[in-house]
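Worksheet for the structure shown next.
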Amino acid sequence: MSDSKSKFNLMENKVSCSFSFLLLPALFSACQSGTPVKQKPLNIIHIMTDDHSYQTLSAYGHPISQLAPTPNLDRLANEGILFRKAFVENSLSTPSRACLMTGLYSHQNGQRQLGKGIDTTNVFFSELLQQQGYQTGVVGKWHIQCEPKGFDFYHILWDQGDYYNPEFRSPQSNGKYIQEEGYATTLITDHSIRFIEECEKDKPFCLLVHHKAPHRNWMPDTPYLELYKDVEFPYPDTFYDDYTTRCEAARSQEMSIEKDMTLVYDLKLDNLKDDPENAAQWTTQSLLNSFERMTEEQKNAWFEAYTPRNEEFVRQNLTGDDLLKWKYQEYLKDYVRCIKTIDDEIGRLIDYLEQVHLLENTVIVYTSDQGFYMGEHGWFDKRFMYEESFRTPLIIRHPDMKKGIESEFLVQNIDYAPTYLDIAGIEKPEEMSGRSLLPLLEGGKPANWREYLYYHYYDYPAVHQVRRHDGVRDERYKLIHFYGEGAGTDPDINCNELYDLIADPHEINNVYGNPQYEAVTVRLQTELDRFRTDLKVDEY
């Protein structure tokens, strides 16, 4: 544990849920009023989870989500607009967050990979809202290696954050991360509500609610440790994908459920901690730390749920396809158990806004920092430009716009910053690459909306060993270019893939080089070259 973090002592270090906001005396009066008040400009709440797949949000209708529904998120969709073609420009946590804050592509804002990189000379949209009189706050996962910029208040997790009894830092903690007792998803909602309670009622606010869940290693809250225990989730059509037509990148990755998902850390088989083959996962991947930070009550609930399962696993002595299927089912169950608490807590936040008459004066956006693989291609994690990680869930509930509609327009996470500035009546800076989504919220077709998206992934060599690549997508086709020197035993790569997303929605048949697609290839390559030139991309 870092020196900047407190020792594990729940009684001494537990933080009160009441914020003092010593640095922000102007925020002390309550936002609520006794009667509904329609005020302009609108409040903004941006809710972002970490690694939430569209496949597990039931408004999208995927078979997995029909067995693990998300009724509160579905309510947002029914009262707003569901985007079916929302994408990221770089499927990785920190770059995605930098895109949110700046409205810029990764190479423009500096955050191409995890870790350091963000160019803090870029304007964050929160700064412009703050200058316009908005009360600004961010709660939960920040995960950018700079101070939160343009925020009156922050209450942020250490690094990725922990599921149980996590540490938070705020302006009042003197740079230290202080441990709080509880489950991360619930605590983040608690602090989000407290921020709203402390706002001045006659001034708008913008709040970023950034959840840790459902990030790896998918540790559910105690009420849901056995939820879906007897459910068998469907296997994706590409579960046994052999990558026959693909570039080497699809084969050299290290995000396979079969080969790379660990039994102790990922699947919580703590009874294998002394097994020589699995022992390292106990400490180096921090399952031991996760258990050590739990209260006795939390540990008792955890072991009561998982010990019988773990003992049964050892007794069965699974191998081959039986082991693969077991890993997939248990991974998925823990993942959607984490989503269940997300859905609960979003419901609690919506109910609170309704009770204090703020719901009809607040724009609520729900999204994830990228998509995630639910066994498609045999994978977990993200990173690739294939649909499951490139595409992200997106719902916008705007009180003055149409309800219960869907959009098929191509949108991207660089569009959030311009959208929030537009809501506030602020003209976006000329350098911002994204564009406001407000014209889409009425369901019509805006003039000159984009026809192509540009994607670029840079984080190699790194965890999961996904090769660098960029590409373009239109309404039907996708062109991907893998490039760069190999690391270790990986060869250098310079390889292209082309997919017809209508004829081949699962992206298993690379048609690059097929004469029938020559015209499509030329057109998409022209657009890819145009993006590289216009955006001044410096590697590809």
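The values are calculated or read from the model by the stated rules, or taken from the named source; none is laboratory data. Nothing here was measured: the structure is a model prediction, and the numbers come from that model. Please note: Cβ atoms are built from the backbone with ideal geometry, for glycine as well, and neighbour counts cover all protein chains shown. Side chains included, ligands, DNA and RNA excluded: accessible areas come from the protein's heavy atoms. Shrake-Rupley method; radii C 1.70, N 1.55, O 1.52, S 1.80 Å.
Side notes on the structure shown:
Let's see how each residue does on (1) buried (at least 16 other Cβ atoms within 10 Å of the Cβ); (2) over 20 Å from Met48 (Cα atoms); (3) without any contact (Cβ under 8 Å) to a residue 40 or more places away in the chain:
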| site | (1), (2), (3) |
| --- | --- |
| Gly115 | no, no, yes |
| Ile118 | yes, no, yes |
| Gln131 | no, yes, yes |
| Gln135 | yes, no, no |
| Gly140 | yes, no, no |
| His143 | yes, no, no |
| Gly150 | yes, no, yes |
| Phe153 | yes, no, no |
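- Of the residues Lys327, Lys340, the single one that is among the basic types (Lys, Arg), open to solvent by less than 30 Å² (accessible area, probe 1.4 Å) and either in a helix (DSSP H, G or I) or free of Cβ contacts under 8 Å to residues at least 12 places away in the same chain (or both) is Lys327.
- Flag for Lys268 being more than 17 Å from Arg216 (Cβ to Cβ), in contact with a Phe, Trp or Tyr (Cβ under 9 Å, 6 or more places away or on another chain) and basic (Lys, Arg): no
- Residue in region 356-366 that is assigned to a helix (DSSP H, G or I) and crowded, with 23+ Cβ neighbours inside 10 Å present: no
- Counting only residues that are touching a Leu at 6+ places or on another chain (Cβ under 9 Å) and of a type outside the set (A, V, I, L, M), region 278-292 holds 3 of them.
- Against the test of being under 25 Å from Gly161 (Cβ atoms), over 12 Å from the mean Cα position of the chain (by Cα) and open to solvent by less than 10 Å² (accessible area, probe 1.4 Å), the options Leu92, Leu57 yield a single qualifying residue, Leu57.
- Residues (touching a residue at least 60 places away in the same chain (Cβ under 8 Å), surrounded by fewer than 20 Cβ atoms within 10 Å (Cβ to Cβ) and at negative phi) located in region 429-443: Pro429, Glu431
- Any hit, region 517-527, residues being touching a helix residue (DSSP H, G or I) at 6+ places or on another chain (Cβ under 6 Å), buried (at least 18 other Cβ atoms within 10 Å of the Cβ) and either part of a strand (DSSP E or B) or modelled with pLDDT of 95 or more (or both): no
- Unmet criterion (only one of (1) modelled with pLDDT of 95 or more; (2) within 30 Å of Glu354 (Cβ to Cβ)) for Phe233: (2)
- Strands (runs of 3 or more DSSP E) contained in region 402-493 and holding at least 1 residues under 22 Å from the mean Cα position of the chain (by Cα): 405-407, 453-457, 469-473
Conditions (1) in contact (Cβ under 8 Å) with a residue 24 or more places away in the chain; (2) farther than 23 Å from Arg383 by Cβ; (3) acidic (Asp, Glu); (4) open to solvent by 50 Å² or more (accessible area, probe 1.4 Å), marked per residue:
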{"position": "Asp260", "(1), (2), (3), (4)": "yes, no, yes, no"}
{"position": "Leu287", "(1), (2), (3), (4)": "yes, yes, no, no"}
{"position": "Trp302", "(1), (2), (3), (4)": "yes, yes, no, no"}
{"position": "Leu332", "(1), (2), (3), (4)": "yes, no, no, no"}
